[in-house]
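Inspection log for the structure reproduced underneath, given as structure tokens.
The values are calculated or read from the model by the stated rules, or taken from the named source; none is laboratory data. Bear in mind the structure is a predicted one, so any value in this text is a computation, not a measurement. Accessible surface areas use protein heavy atoms only, side chains included; no ligands, DNA or RNA. Shrake-Rupley method; radii C 1.70, N 1.55, O 1.52, S 1.80 Å.
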Amino acid sequence: MTYTQVALLVLALAVIFDGFITRSRMLTRKSFWMSYAIILPFQLLTNWWLTSRNIVNYDSNVIIGWRVASAPVEDLIFGFALVLGILQMWSYWGRKL
């Protein structure tokens with residue numbers, strides 16, 4: 001399985017969990033998008049720093065090759081899914097406690 005496939009699978013799972021399992025509907029909330037807008041520049045900065053210094057390297061056979069801030073676009077997809085997943089779990093467990 002390539003990194004592209006894993007990133008897209010994790011994104012699909014996060015969206016499914018958001019809409020149908022936790023029903024937190026994060027993707028429809030302004031607060032989610034504002035939070036992500038704050039997180040994204042730091043993700044880009046971190047990705048750039050790690051990849052431009054060859055601390056993290058990606059096999060060109062497992063990514064599609066598009067890069068943003070020196071890191072594969074798959075990192076943005078995966079990072080978005082992780083942020084979405086964490087915030088929806090906080091929301092879900094916050095309602096349960």
inquiry  = Using only the alpha-carbon atoms, how far is helix 3-16 inclined from the longest principal axis of the chain? Give it as 0 to 90 degrees, nearest 10.
reply    = 10 degrees
message = So, taking all protein chains as they sit and a 1.4 Å probe, how much accessible area belongs to PHE42, in Å² rounded to tens?
response = 140 Å²
inquiry  = How large is log10 of I(q)/I(0) for the chain at q = 0.13, 0.18 Å⁻¹ when the intensity is taken from the Debye formula with one equal scatterer per alpha-carbon?
reply    = -0.50, -0.86
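Write down the accessible area per residue of the chain in Å², having rolled a 1.4 Å probe over the full set of protein chains.
66 Å²
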ask   = Tell me, what % of the accessible area of the chain is carbon and sulfur with a 1.4 angstrom probe?
value = 70 percent
ask   = LEU13 accessible area, nearest 10 Å², 1.4 Å probe?
value = 80 Å²
ask   = Summing -39500 (n - 2.57) over the DSSP H runs of n ≥ 4 in the chain and dividing by its residue number, what mean residue ellipticity at 222 nm do you reach, to the nearest 500 deg cm²/dmol?
value = -21500 deg cm²/dmol
request  = Using only Cα atoms, tell me the angle between helix 73-96 and the longest principal axis of the chain; keep it within 0 to 90° and round to the nearest 10.
outcome  = 20 degrees
